[in-house]
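Right, one structure below, let's go through it.
The values are calculated or read from the model by the stated rules, or taken from the named source; none is laboratory data. The structure displayed is predicted, hence computed values, not measured ones. With ideal geometry, Cβ positions are generated from the backbone for all residues, glycine too; neighbour counts draw on all protein chains shown. Just the protein is used for accessible areas: all its heavy atoms, side chains included, with ligands, DNA and RNA removed. Shrake-Rupley method; radii C 1.70, N 1.55, O 1.52, S 1.80 Å.
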Amino acid sequence: LCISQFQNSWWLAAHLADILHHAKQLDSTELQYGCSLREYVLLHYASDLIFSDEFWSLGVDYFIECKQMGKGYLELAIPRIPLDSEKKATRVYNACQKHGLMDLAASVCKVMAAKARQSGNLGLSLIWSLQAKDLLSVTSISEEILDSYIETGGFSNLEFLDQLGSNKLLSNRLLFLGKYREFHNLIKMGEYRNAADLLVSLVESNMGPPRFQITLLLDSLPLINGGLCGDKVVMTSGQTHALMKALEDMQIKKLLKESDTQKVETIRLALVTNLASSFLDEPW
C-alpha cells in the first residue's frame, strides 16, 4: 500500500501483489475491508483502468479476477463508462454478456437506443432496442418510423428488417413494419399478386396504427384500375370488399381527417371500379 501511495498509482502495487500471490508469498487472510490484500490492491487498480478510454476492458478483466468483491464493483462501474462510440458500446455490451451481467447489458442497449433516437437514426435505435428486448421502445420506434413514412413517403436505413426473423414477433408494430416493408419489396420485384395478398392481410390484421389504414388503402391504388398492372385484374372481388369495409370502418370510427376527403373519394371510386372489373374477370 505504501508503494501505491508513493507512486500515486496502483500499477506497481497490483503487479507486485500478483507476483507474490502466485509465488505463494502473500498472506491471503481477509482484511477489514472484506477481502484479501491482493484483491484489495487489484480492485483499486481495476478502478483506475475502468475509466480509461484505452484500457477500460483490462479493468473489467481485473474486476472479474477479484472473486470476492469484483463483480459488485464492476456492476457499479459499468454504468459510468462513457459510451462515446458504437464500437465501444458494443464492446461494453459484449463484456456484460460474457460475464452474465444481463441487466447491465440491457442498460447499455437502452442508452445507445436513446442516443440514436435523439440523433434521428431510428433504424439504429430500433436495433439497440431489440437487443435490449425493450418492448415499449420497439413499439414506439416502429410507430415513429411509420409516421415518418406518412410524412416523407419512404424508408431509410431499414435494410436490417429483412434479416430480423423471429425478432419481429417481439412487437405487433414491428411485425407490421417488417411486413409493410416486405410489401414494398414485392412491388419493386413486380410480384403484384403477392403484394396485393399481403396488403389486404395487413389491412385486415389491424396490427398497424389506426391512422395508418388510410395509407394502406392508398397503396392499393397502383394495384388496381390500370396502375402498375395495366389491364390485368390483380385484386379479387373478395379482397376489394375487404378494403371497402376497412374504408367504411375508418369513417364510422371517425379516424379520418377533413383533409382526407379527396383521398377517400379517390379510393372509393377506384375500389368500386375494381370490384366491377374483378366480377367480370372471375369465373362464375
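Give the residue that is most open to solvent (accessible area, probe 1.4 Å), with candidates limited to residues of the range 58-95 that are part of a helix (DSSP H, G or I), hydrophobic (A, V, I, L, M, F, W, C) and under 11 Å from residue 47 (Cβ atoms). Before the answer, list the steps.
Narrowing the range 58-95 to residues part of a helix (DSSP H, G or I): 58-65, 70-80, 86-95.
Restricting the remaining residues to those that are hydrophobic (A, V, I, L, M, F, W, C) gives 58, 60, 63-64, 74, 76-78, 89, 92, 95.
Of the ones still in play, those that are also under 11 Å from residue 47 (Cβ atoms) are 63, 74, 76-77.
On the way: 63: 3, 74: 1, 76: 128, 77: 8 Å².
The selected residue is 76.
Let's see how each residue does on (1) of a type in the set (A, V, I, L, M, F, W, C); (2) over 13 Å from residue 220 (Cα atoms); (3) open to solvent by 40 Å² or more (accessible area, probe 1.4 Å):
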site: 247; (1), (2), (3): yes, no, no
site: 252; (1), (2), (3): yes, yes, yes
site: 256; (1), (2), (3): yes, yes, yes
site: 259; (1), (2), (3): no, yes, yes
site: 263; (1), (2), (3): no, no, yes
site: 266; (1), (2), (3): no, no, yes
site: 271; (1), (2), (3): yes, no, no
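Return the pair list, or none, for Cβ contacts closer than 6 Å from residues in the range 169-189 that are in contact (Cβ under 8 Å) with a residue 40 or more places away in the chain to residues that are part of a helix (DSSP H, G or I) and charged (D, E, K, R), at least 6 apart or on different chains.
174/168
Hey, can you tell me all the residues within the range 177-195 that are of a type outside the set (D, E, K, R) and surrounded by fewer than 22 Cβ atoms within 10 Å (Cβ to Cβ)? Step through it out loud before you land on a result.
Of the range 177-195, the ones of a type outside the set (D, E, K, R) are 177-178, 180, 183-187, 189-190, 192, 194-195.
Matches in the range 177-195: 178, 183, 184, 185, 186, 187, 189, 190, 192, 194.
Evaluate the range 217-225: report whether one residue or more is of a type outside the set (A, V, I, L, M, F, W, C), at pLDDT 90 or above, open to solvent by 40 Å² or more (accessible area, probe 1.4 Å) and within 28 Å of the chain's Cα centre (by Cα).
The answer is no; no qualifying residue exists.
Taking the condition of being without any contact (Cβ under 8 Å) to a residue 40 or more places away in the chain and of a type in the set (Lys, Arg), how many residues in the range 239-284 meet it?
The number of residues fulfilling the criteria is 4.
Restricting the range 201-216 to residues that are open to solvent by less than 10 Å² (accessible area, probe 1.4 Å) and part of a helix (DSSP H, G or I), which is modelled with the lowest pLDDT?
Among those residues, the one meeting the criterion is 212.
Could you count how many residues in the range 101-153 are in contact with a Cys (Cβ under 9 Å, 6 or more places away or on another chain) and among the aromatic types (Phe, Trp, Tyr)?
Adding up the residues that qualify gives 1.
Per-residue answers, yes or no, for (1) closer than 28 Å to residue 126 by Cβ; (2) part of a helix (DSSP H, G or I); (3) out of contact with any Lys or Arg (no Cβ under 9 Å at 6 or more places or on another chain); (4) among the hydroxyl-bearing types (Ser, Thr, Tyr):
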site	(1), (2), (3), (4)
166	yes, yes, yes, yes
174	yes, yes, no, no
179	yes, yes, no, no
182	yes, yes, yes, no
195	yes, yes, yes, no
234	no, no, no, no
242	no, yes, yes, no
245	no, yes, yes, no
248	no, yes, yes, no
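For the range 141-152, does any single residue satisfy the condition of being within 14 Å of the chain's Cα centre (by Cα) and open to solvent by 20 Å² or more (accessible area, probe 1.4 Å)?
Checked against the condition, which is being within 14 Å of the chain's Cα centre (by Cα) and open to solvent by 20 Å² or more (accessible area, probe 1.4 Å), the range 141-152 yields at least one hit.
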